[in-house]
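First the structure, in the form of C-alpha cells, and then the observations on it.
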Amino acid sequence: MYDGLVSRKELIDTVNLLISKGDGPFSVAELDLDNFGFINNVHGKELGDDIIKKLTSILKMNTADNDLICRQGDQFTILLISKSAERGFMDMEEIRRYLSDNTFSFQGKDKTEDVYITFSCGIASYPRDAKNSVELLRIADSAMFRGKKLGKNKVCLSEAESMALKSSYFTKTQLDRLAALSKTNEKTEAFLLREALDDLFKKYSQ
C-alpha cells in the first residue's frame, strides 16, 4: 500500500457510511491508466511502477485532504467528498489536462525515458446517479469505459453530456509562469489559481 492510499474496502465502507447519513452530494471517480500494458512491455515494470507512484503523488497533491484514494493495479478509485458530479468532473479534468500538457522523465532499462501519461476516468455522484455503493461504482466504471471507447485520455460523466467550463484570460507571460509553477509543484494550474484566489479573498476580507 502506497502512503496516503486506503484499501478498496475502506473506501466502500466510507461511501456506505455517507449514504447511511444522507451526507451528499459526493462523487466517485474510476480512473484507469491508458496503454499501461504497452508501457510495461516497452519500458519495463520498474518504470511502470514509477509511473504509478508519480500518478499517485499527483492525485494526492490535487485532491482535498479528506478525499480518499485507493489503487488496484493501474486503476484508481477516488472518493470526492462533498463534491457534485460537475465539481468532480472539473477536478479530474484539471488533472487529466495537466498530465496531457507535460511529459515526465523516468529511469528506464538503459536510459532516461520521457513518458507521456494519460488516463481515462468516469464520474458518478450520489444521490444523482445512484442510491447505493454497488450501483454508484458500477456507473462510474461504465463512464470510464465510455472514455476508453471514445479514444482514451478523457473524463466522462455518468451521462453523455457536455460541460461548458468558465474561462479566464491572462497575459502570455502570466500563462507561461503559471505553467512552469504547475510543473515544478505537481499541482494543476486551476488548483494554483484557486489557492491564489483564496489568498486574495483573505486579504480583502480583513
(request) Run Ala130 past the list (1) in contact with a strand residue (DSSP E or B) (Cβ under 7 Å, 6 or more places away or on another chain); (2) over 20 Å from Ser57 (Cα atoms); (3) touching a residue at least 12 places away in the same chain (Cβ under 8 Å) and report the number of the one that doesn't hold. (result) (3)
(request) Mind listing whichever residues of the stretch 97-119 are assigned to a strand (DSSP E or B), surrounded by fewer than 17 Cβ atoms within 10 Å (Cβ to Cβ) and of a type outside the set (Gly, Ala, Ser)? (result) Gln107, Thr112, Asp114
(message) Name the residue that is farthest from the chain's Cα centre (by Cα), counting only residues in the stretch 173-196 that are more than 15 Å from Thr103 (Cα to Cα) and acidic (Asp, Glu).
(response) Asp176
(message) If Val28 satisfies all but one of (1) within 26 Å of Leu150 (Cα to Cα); (2) more than 11 Å from the chain's Cα centre (by Cα), what's the number of the condition it fails?
(response) (2)
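Every residue, every condition in (1) part of a loop (DSSP other than H, G, I, E, B); (2) crowded, with 19+ Cβ neighbours inside 10 Å; (3) not assigned by TED's automatic domain parsing to the domain that holds Leu136; (4) not β-branched (Val, Ile, Thr), yes or no:
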residue: Asp13; (1), (2), (3), (4): no, no, no, yes
residue: Gly22; (1), (2), (3), (4): yes, no, no, yes
residue: Glu30; (1), (2), (3), (4): no, yes, no, yes
residue: Phe38; (1), (2), (3), (4): no, no, no, yes
residue: Asn41; (1), (2), (3), (4): no, no, no, yes
residue: Gly48; (1), (2), (3), (4): no, yes, no, yes
residue: Ile51; (1), (2), (3), (4): no, yes, no, no
residue: Leu59; (1), (2), (3), (4): no, yes, no, yes
residue: Asn66; (1), (2), (3), (4): yes, no, no, yes
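The values are calculated or read from the model by the stated rules, or taken from the named source; none is laboratory data. Just so you know, these numbers come straight off a predicted model, no measurement behind them. Here the Cβ is made from the backbone with ideal geometry for all residues, glycine too, and neighbour counts use every protein chain on show.
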